[in-house]
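Written below as C-alpha cells is the structure these notes are about.
Here, each number is a calculation from the coordinates, and none is a lab measurement. From a predicted model like this one, the values you see are computed outputs, not experimental measurements. Cβ placement follows ideal geometry from the backbone for every residue including glycine, while neighbour counts extend to all protein chains displayed.
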Amino acid sequence: MAFDDQAFRSRYRAGISRWYSGWLHLLVVAATGSGVITYSALQLQQVQGPEWLLIPLTLLLVNLAEYVALRWLGHRKPRLGRMFYSRHTGDHHSFFVATAMPFESSRDWRVVLFPAWLIYVFLLGLMLPGGWLLLQLWSANAAWLFVAAGIAGYLFYEVMHFSYHLPAGSFVERTPIWWRLQRLHQLHHERERMTDCNFNITIPVFDWLLGTLYWRAPATQEQQA
Ligand SMILES: [Zn+2]
Ligand SMILES: [Zn+2]
C-alpha cells in the first residue's frame, strides 16, 4: 500500500501545540548559535598558525557526526538513537517524501529544524568537554576555535537542511552546486533509499569517501509533477 504522506501531514500538524512558533524556534537557534560564535571569536588572542587548523578539522568532525547520525542512528532503532530515530524516520521522512519536499508554513518548521534545546545539549555535551580538553592539552585559542567551529557546523547543517525544504521555485534551485545538494537530499527522501544513500546533509564528504553517494538527474516528468 502506498504511503499517504498527506494524511501524515494532517495528523502531525494537528499534534503541534498552538503555542508553537516556527519563527521563535528559528530565532532561538540562530541567536544561540551566532551568540556563541561571536563570544568565542572575541576571546581569541594572537592565534598561532596551527591553531587555525582547528576550524577545518572541527568542521570535518561535524560532517562525520552528521553522517554517522543519519546513517547509523537516524534510520535504525538502537537504544541510544531512539529519540532521533522517531523524529527523523518517524516524523521527518513521513512528513517529507521525495515528491513532497517543501514545507508549507512556518509551523511546519517544527519537523524541519532540530528541537531548539538540542543546540544546548550539543554545547554542553560536546563543545564544553571538547573545549575543556583542548584547553588542558593545547591552548585557550584552540578551545575557543573548536567551540566556534563546532557551533558553525551545527548552524550550517540547520541552514542547508532548511534550504532543501524551501517552497518550490526558491533561489536554491537556481544556485549552482546548491541545487545539486538539494537534489541529493531529495534522493535521500525517497522511501526505498533513505537507509542506504546520501547521509551527509551539508557537503557530501563522507558519502563520497564511504561510497554511499547516490546521484540521479531529475526526470523532466518529476520536475513537472
Ligand atoms: Zn530532510
Ligand atoms: Zn534520513
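Between ARG216 and VAL172, how many nm apart are label points set 7 Å from Cα along the C-beta direction?
So the label points at ARG216 and VAL172 sit 2.0 nm apart.
Taking just the C-alpha trace of the chain, give me its Rg and Dmax in Å.
Final numbers for Rg and Dmax: 18.6, 62 Å.
If you place +1 on the Cβ of every Lys and Arg and -1 on the Cβ of every Asp and Glu, how big does the dipole about the Cα centre of the chain come out, in debye to the nearest 20?
Dipole of the chain, to the nearest 20 debye: 500 debye.
Each residue of the range 183-196 in order: what ³J(HN,Hα) in whole Hz does its phi give by Karplus 6.51 cos²θ - 1.76 cosθ + 1.60, θ = phi - 60°, with x for Gly and Pro?
5, 4, 5, 4, 5, 5, 7, 5, 4, 7, 10, 4, 8, 10
Using the Kirkwood radius built from alpha carbon pairs, what does the Stokes-Einstein equation give as D for the range 1-125 at 20 °C and 1.002 mPa s, in µm² per second?
In µm²/s, the coefficient rounds to 125.
Let me check against my output: what whole-number percent is the relative contact order of the range 112-225, with C-alpha pairs under 8 Å and at least 6 apart?
17 percent
With charges only on Cβ, +1 for K and R and -1 for D and E, what is the dipole size of the range 165-210 about its Cα centre, in debye, rounded to 20?
160 debye
Measure out, as a whole number of angstrom, how far apart the alpha-carbon centroids of the range 142-203 and the range 1-28 sit.
Cα centroid of the range 142-203 versus Cα centroid of the range 1-28: 20 Å apart.
Highest mean first, how do 25-35, 196-206 rank when packing is the count of other Cβ atoms within 10 Å averaged over residues?
196-206, 25-35
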